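Below is one structure; the comments refer to it alone.
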Amino acid sequence: MGRRRVLAALAAAIVVAAQDAASLQRQRMVAEQIQTRGIRNADVLRVMRATPRHLFVPPEIRHEVYQDRPLPIGYQATISQPYIVALMTELLAPAKNHRVLEIGTGSGYQAAVLAQLAARVYSIEIVPELAQSATRTLRDLGYANVQVRQGDGYKGWPEQAPFDRVILTAAPPEIPDALIAQLAKGGRLVAPVGPLRDQDLIVVEKKPDGSVQRRSMGGVRFIPMRPGTK
Ligand code: SAH
């Protein structure tokens with residue numbers, strides 16, 4: 001073999017080894033952080049093992065991304081803790097025919113997880129730079145059924161409503177009326193709600209008759225949702 005082909009083969013081997021290492025880290029992440037805390041949904045566990053979380057963050061923090069905590073990704077945003085992504089996905093219970101609205105695209109990681117469990121994901125991000133980088137990441141990784149747009153999550157995405165599922169990954173003081181309005185009958189919304197140090201994870205169900213029920217799943221800590229432009 002010529003030197004160039006040796007180098008190409010070596011580079012390919014390094015890429016495969018890095019992928020294997022990340023995949024092993026994900027097996028451990030799911031076993032140690034997610035299953036031990038009671039997440040049982042087989043589809044959620046499978047997708048958490050499959051989604052390359054390290055490719056959704058800047059290279060400088062890639063080595064930390066499988067740890068049991070959220071990580072800052074710039075612009076006051078974070079990529080959520082793996083367990084929280086799994087918990088919210090399990091509570092949301094997306095199905096293959098569902099249209100899902102996400103508020104707070106951030107890195108695009110939660111959107112990628114949902115994309116593998118639903119028909120289409122619409123995700124809104126208020127920070128233009130994050131909306132752009134998440135769009136690029138999702139496209140490069142082949143998640144073709146996700147659409148990201150820069151905008152104010154308080155308004156939702158009326159042109160694409162109604163949604164079978166709505167998920168918020170930043171915490172508003174109260175669930176925005178527009179998002180309840182854009183939820184389909186029989187639909188479900190999952191959101192952290194409340195002030196910075198006193199947020200609850202809330203599950204809202206819209207019954208077939210249009211009435212709304214909510215229950216709290218306990219305390220969580222998310223970044224606050226930014227007030228939108230009026
Ligand atoms: N789901 C993300 C987590 C992002 S953190 C992930 O998987 O990485 C929450 C995100 O909500 C931040 O990126 C923040 O910029 C965004 N955000 C805050 N207020 C918002 C608003 N009013 N509308 C849309 N996005 C908002």
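The values are calculated or read from the model by the stated rules, or taken from the named source; none is laboratory data. Only a predicted model underlies this, so the values are computations on that prediction, with no experimental measurement involved. Every residue, glycine among them, receives a Cβ derived from its backbone with ideal geometry; neighbour counts consider all protein chains shown. Remember, those area values only see protein heavy atoms, side chains included, never the ligands or the DNA or RNA. Shrake-Rupley method; radii C 1.70, N 1.55, O 1.52, S 1.80 Å.
Given the structure, is residue 79 near the ligand (Cβ under 6 Å from one of its atoms), open to solvent by 10 Å² or more (accessible area, probe 1.4 Å) and either of a type in the set (A, V, I, L, M, F, W, C) or more than 21 Å from residue 176 (Cβ to Cβ) (or both)? Show your work before the answer.
Values: near the ligand (Cβ under 6 Å from one of its atoms): yes; open to solvent by 10 Å² or more (accessible area, probe 1.4 Å): no; either of a type in the set (A, V, I, L, M, F, W, C) or more than 21 Å from residue 176 (Cβ to Cβ) (or both): yes.
The answer is no for residue 79.
Quick check on my filter: what residues within the range 211-230 are among the β-branched types (Val, Ile, Thr) and within 16 Å of the ligand (Cβ to nearest atom)?
220, 223, 229
Please enumerate the residues belonging to the range 172-193 that are open to solvent by less than 10 Å² (accessible area, probe 1.4 Å) and under 12 Å from residue 219 (Cα atoms).
Residues satisfying the conditions are 191, 192.
Could you check, for the range 103-116, whether at least one of its residues is more than 17 Å from residue 225 (Cα to Cα) and touching a Pro at 6+ places or on another chain (Cβ under 7 Å)?
yes
Checking the structure you have, find out if any residue of the range 14-33 is at pLDDT below 95, among the charged types (D, E, K, R) and surrounded by fewer than 20 Cβ atoms within 10 Å (Cβ to Cβ).
yes
Can you name the number of the only condition in (1) open to solvent by 40 Å² or more (accessible area, probe 1.4 Å); (2) more than 14 Å from the ligand (Cβ to nearest atom); (3) under 24 Å from residue 221 (Cα atoms) that residue 99 fails?
Answer for residue 99: the failing condition is (3).
Can you find even one residue in the range 136-158 that is more than 12 Å from the ligand (Cβ to nearest atom), touching a residue at least 24 places away in the same chain (Cβ under 8 Å) and more than 30 Å from residue 54 (Cβ to Cβ)?
yes
Does any residue of the range 150-161 turn out to be open to solvent by 60 Å² or more (accessible area, probe 1.4 Å), closer than 26 Å to residue 87 by Cβ, outside any helix (DSSP H, G or I) and modelled with pLDDT of 95 or more?
Checked against the condition, which is being open to solvent by 60 Å² or more (accessible area, probe 1.4 Å), closer than 26 Å to residue 87 by Cβ, outside any helix (DSSP H, G or I) and modelled with pLDDT of 95 or more, the range 150-161 yields no hits at all.
Kindly indicate whether any position in the range 44-61 is closer than 22 Å to residue 107 by Cα and in contact with a Gly (Cβ under 9 Å, 6 or more places away or on another chain).
yes
Kindly list, by first and then second residue, each pair from a residue in the range 108-120 that is without any contact (Cβ under 8 Å) to a residue 40 or more places away in the chain to a residue that is assigned to a helix (DSSP H, G or I), limited to pairs with Cβ atoms under 8 Å and residues at least 6 apart or on different chains.
Final answer for the pair search is 111/134; 111/138; 115/138.
List every residue pair whose Cβ atoms sit under 8 Å apart, with the two residues 6 or more apart in sequence or on different chains, where the first one lies in the range 59-82 and is assigned to a loop (DSSP other than H, G, I, E, B) and of a type in the set (Asp, Glu) and the second, anywhere, is open to solvent by 90 Å² or more (accessible area, probe 1.4 Å) and more than 10 Å from the ligand (Cβ to nearest atom).
Qualifying pairs under 8 Å: 68/32.
Looking at the range 113-135 only, could you name the residues that are within 24 Å of residue 221 (Cα to Cα) and either open to solvent by 20 Å² or more (accessible area, probe 1.4 Å) or away from the ligand (no atom under 13 Å from the Cβ) (or both)?
126, 128, 129 - these are the residues of the range 113-135 that are within 24 Å of residue 221 (Cα to Cα) and either open to solvent by 20 Å² or more (accessible area, probe 1.4 Å) or away from the ligand (no atom under 13 Å from the Cβ) (or both).
Of the numbered conditions (1) hydroxyl-bearing (Ser, Thr, Tyr); (2) touching a Lys or Arg at 6+ places or on another chain (Cβ under 9 Å); (3) open to solvent by 30 Å² or more (accessible area, probe 1.4 Å), residue 36 satisfies every one except a single condition; which is it?
Only one criterion in (1) hydroxyl-bearing (Ser, Thr, Tyr); (2) touching a Lys or Arg at 6+ places or on another chain (Cβ under 9 Å); (3) open to solvent by 30 Å² or more (accessible area, probe 1.4 Å) is unmet by residue 36, namely (2).
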